[in-house]
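The values are calculated or read from the model by the stated rules, or taken from the named source; none is laboratory data. Everything quoted here is computed from the prediction, not taken from an experiment. No Cβ is skipped: glycine too gets one built from the backbone with ideal geometry, and neighbour counts run over all protein chains shown. Only protein heavy atoms, including side chains, enter the accessible area calculation; ligands, DNA and RNA are left aside. Shrake-Rupley method; radii C 1.70, N 1.55, O 1.52, S 1.80 Å.
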Amino acid sequence: MAQKAGTIRGNALCGLNERMCINVRKIFDGCITRYSDREFTLTFDDDELAGDPPFTYVETRSSGPSTVTNLVITPLSGNRNRIQMDVVTPVTVTYTDANGDTFTATSTVTIPRDIILNLPEDSLSAYVIEVTTNLASTIGSFVDDTAVITACVVQIIRVLINVDILVPTYGYCEYPTCEEYADEVCRELFNLPIFPTTT
């Protein structure tokens, strides 16, 4: 019997009716780093910067998934490993030109990392190292065709492996009916009875 997701009330075993094999990305290890006031120099492709100089910096935001390059793994004791890599994150820069018009340009930020994480033992299933980076900056300036910015960064590094695991389940999910949006005027109208309630 399908059940709604949510907080379990009463006996958690009540309603369990099968063992299900599911495919998930298991996190073997991970860590988070927070940088404040980190300085970066952003370069741009030819003709990337539109408008008339001089340019006035507005802000920079991360704008896509990070990629890992130059990965070097050095085993230590146990499953601990030294992981050296460069994390490259795309960013979007917002700026104004001499006429006050607003433009955006894309660039990348590269953060070298040298950390220690646990890695899974050798198996037929390969692990991957995935990095999520969130960057925000409102401090910066343009120097010729580059931008020098000061940013806050939050970076999460995960060691992931695709696995099949066996879990007890309550069966398939039951979804409630979608609640359609209606503004207050419509809501009041829809709630009116079709005929007067008193004669």
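The table below gives the values:
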read-out: Segments classed as strands (runs of 3 or more DSSP E), wholly inside the stretch 85-199, with at least 1 members that are of a type in the set (Phe, Trp, Tyr) and surrounded by 13 or more Cβ atoms within 10 Å (Cβ to Cβ); value: 102-118, 127-143
read-out: Counted residues, the stretch 153-183 - those being within 25 Å of residue 91 (Cβ to Cβ) and either modelled with pLDDT under 95 or among the charged types (D, E, K, R) (or both); value: 1
read-out: Enumeration of residues in the stretch 1-45 that are in a loop (DSSP other than H, G, I, E, B) and under 29 Å from the mean Cα position of the chain (by Cα); value: 4, 5, 6, 7, 8, 44, 45
read-out: Count of the stretch 76-123 residues which are of a type in the set (S, T, N, Q) and under 19 Å from the mean Cα position of the chain (by Cα); value: 6
read-out: Residues being closer than 22 Å to residue 99 by Cβ and exposed (fewer than 12 other Cβ atoms within 10 Å of the Cβ) - total across the stretch 23-52; value: 3
read-out: Answer residue from the stretch 70-84, given it is touching a residue at least 40 places away in the same chain (Cβ under 8 Å) and within 17 Å of residue 155 (Cα to Cα) and is least open to solvent (accessible area, probe 1.4 Å) among those; value: 83
